[in-house]
Amino acid sequence: MTTRRVAPTQLAQQLRDALTRLNRRVRQARPVGDLTVTQLSALTSLRLAGALTPRELADVERVQPPTMTRIVAKLEERGLVRRTPHPTDGRQVILAATEGGQAVLDQFERARDEWLASRLADLTEEERDTLRHAAEILQRLARG
């Protein structure tokens, strides 16, 4: 077997394209529901952070505060997010995912994992081992 050398810029393009396509396909494997990708992303950010102010959440999600206000309102309407007073700033609130919000995220993650696991099951043991090594490298790249 011969190994073909690939320039870092070409590899970057190939990886970006493959990761984008895989991510899009995994996102499509979510359960059918009325939550948008943007709402799911905001809910996930709250889960990861524990709690954020609306401004912090807008910054994390890279949207304008008025847009985040609408997103949070929809999530709160569905009982997926709760507001609590800010401990030091009476003008602010803290947002956090509710137990219901956590359960929705768990359901979405299970559906995505099941889809991906079924696709991985179709691969050879060697291919899965290669992907395991690639995942470790990608994690390292993501950490900076």
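Confirm whether Arg91 is under 29 Å from Ile137 (Cβ atoms), exposed (fewer than 11 other Cβ atoms within 10 Å of the Cβ), among the basic types (Lys, Arg) and free of Cβ contacts under 8 Å to residues at least 40 places away in the same chain.
The answer is no for Arg91.
Anything in the stretch 1-60 that is of a type in the set (Gly, Ala, Ser), farther than 27 Å from Arg82 by Cα and outside any loop (DSSP other than H, G, I, E, B)? List them, or say none.
Ala12, Ala18
Anything in the stretch 94-144 that is touching a residue at least 60 places away in the same chain (Cβ under 8 Å), under 18 Å from Leu80 (Cα atoms) and hydrophobic (A, V, I, L, M, F, W, C)? List them, or say none.
Across the stretch 94-144, the qualifying residues are Val104, Leu105, Phe108.
Among Ala103, Ala96, Ala29, Ala73, which is the only one that is over 23 Å from Leu15 (Cα atoms) and surrounded by 15 or more Cβ atoms within 10 Å (Cβ to Cβ)?
Only one candidate qualifies: Ala96.
So, Glu109, is that one more than 22 Å from Leu141 (Cα to Cα) and modelled with pLDDT of 95 or more or not?
No.
The values are calculated or read from the model by the stated rules, or taken from the named source; none is laboratory data. The shown structure was predicted, so the numbers you read here are calculated from the model rather than taken from an experiment. Neighbour counts are summed over all protein chains in view; Cβ atoms, including those assigned to glycine, are modelled from backbone coordinates with ideal geometry.
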